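Working notes for the structure below.
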Amino acid sequence: MTEGSLILAPLRGVTIRCFRETFAAEIAAAGFTEAVTPFITANAGVDPLKDREIGNWLIGELANGRMSGGREGLVSAAGETHRGTGLGDAAGETHRGTVLGGAAGETHRGTVLVTPQFIGKDPGALRYCLKRIKSVGYTTADLNCGCPFPMVRNKGRGSGILRTPNVLRQMMEVGCEVMGPGNFSIKARLGVDRTDELLKLMPLINEFPLRHLTIHARTAKQMYEGACDWTAGEKVVAAARVPVVLNGDLEVVLGSAAFGCVASLGCSPETGGGTGRMIGRSFVRALGARPDSRELLLRYIAASQRELSGDRPVLGRMKELLSYWKEIPYWSRRWNLLKICRSVDELRAAI
Ligand SMILES: Cc1cc2nc3c(=O)[nH]c(=O)nc-3n(C[C@H](O)[C@H](O)[C@H](O)COP(=O)(O)O)c2cc1C
């Protein structure tokens, strides 16, 4: 992780590949250097290249210009790979070296690295998934240790993995081995129902050459509600010998690395060392508050129509996004109408 990096949070159903690629320029202009995909299941027999989330491993300014911008750049719908053409110009020439520069994960200004996130508890399945994504150009990967849903965590996945240190160890071993030192990260809650569970795991986590540890400063029991506990978060930061990325209710400060708002929550860049920040919901809301938000939505509708078949899934996707915008005056006036639209044409007419 490069110091001061700002990472777009994975929001399943929201910051999906179509969202990231449609708004790549806006994401890059906001100062994000990286985006983590919503989780992909790492289960035996599942090929991650068939997952919709897998597309370009770099998006942004260059991706919208010289580079091919869509999934087809790297992986066809059938999951067939075209390594080398993903970042290429029409002639298929690759620009990987020039774009990524030196170490894996370093991007040039205006480009956003995409890091696939996996969820699971099977080290063998994770190994397979990581090898597959590496084979199409991804250089970084993340493990979900934070999903709070009881169905997931009770099976020892997501935040549940915090309760099985041996499994967590094996997953980190595989991650760091396959992706290489400094290229594998984990994203965790403070604990399942206590705020000191992650802290107790820090001696184990510190054994690994992780790219970083992202801390969502809530317990799993809190789901997405209630205040983040930055006092507990700072204890983890103090115990960490790996870079730390802070996450949870941070307001997006467009064009900056959002350090100011984090300092006001009590986590200063000093205490965090070379820490980064991850922001999700406030960025999604900020898009809806832009004067061109209507055009953004029209663009997203068009891109989603190209990807999906029929009105239903497109409407579902748009309503999910609009639910983040419904407090914004322009959108709140339309929300009651928008949420009952039954066709894309109706939706377009109502926005
Ligand atoms: C709808 C939704 C979906 C989410 N999906 C994921 C996910 O796939 N992987 C993950 O690690 N976190 C996921 N999260 C958690 C976010 O990445 C993030 O940790 C949380 O929203 C706090 O950050 P924020 O306040 O900046 O949004 C999700 C959160 C929400 C609200």
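The values are calculated or read from the model by the stated rules, or taken from the named source; none is laboratory data. Everything numeric in this text was worked out from a predicted model, so none of it was measured. Neighbour counts are summed over all protein chains in view; Cβ atoms, including those assigned to glycine, are modelled from backbone coordinates with ideal geometry.
Annotations
- Under the condition of being more than 12 Å from the ligand (Cβ to nearest atom), touching a helix residue (DSSP H, G or I) at 6+ places or on another chain (Cβ under 9 Å) and not acidic (Asp, Glu), the residues counted in the stretch 33-60 number 15.
- Within the set 252, 167, the sole residue that is part of a loop (DSSP other than H, G, I, E, B), in the same structural domain as residue 31 (by TED's automatic domain parsing) and not hydroxyl-bearing (Ser, Thr, Tyr) turns out to be 252.
- Filter pass, residue 138 being buried (at least 24 other Cβ atoms within 10 Å of the Cβ) and part of a loop (DSSP other than H, G, I, E, B): yes
- The stretch 137-151, residues that are free of Cβ contacts under 8 Å to residues at least 60 places away in the same chain and touching a strand residue (DSSP E or B) at 6+ places or on another chain (Cβ under 7 Å): 141, 143, 145
- Taken as a whole, the stretch 272-294 holds at least one residue that is in contact with a strand residue (DSSP E or B) (Cβ under 9 Å, 6 or more places away or on another chain), more than 16 Å from the ligand (Cβ to nearest atom) and more than 26 Å from residue 224 (Cβ to Cβ).
- Hey, residue 4 modelled with pLDDT of 50 or more, surrounded by fewer than 22 Cβ atoms within 10 Å (Cβ to Cβ), more than 13 Å from the ligand (Cβ to nearest atom) and under 24 Å from residue 189 (Cα atoms) or not: yes
- Across the stretch 215-233, the number of residues qualifying as within 11 Å of the ligand (Cβ to nearest atom) and out of contact with any Ser or Thr (no Cβ under 9 Å at 6 or more places or on another chain) comes to 7.
- None of 86, 13, 60, 55 is surrounded by fewer than 22 Cβ atoms within 10 Å (Cβ to Cβ) and either of a type outside the set (A, V, I, L, M) or at pLDDT 80 or above (or both) except 13.
- Criterion: assigned by TED's automatic domain parsing to the domain that holds residue 189 and modelled with pLDDT under 95 - qualifying residue of 74, 143: 74
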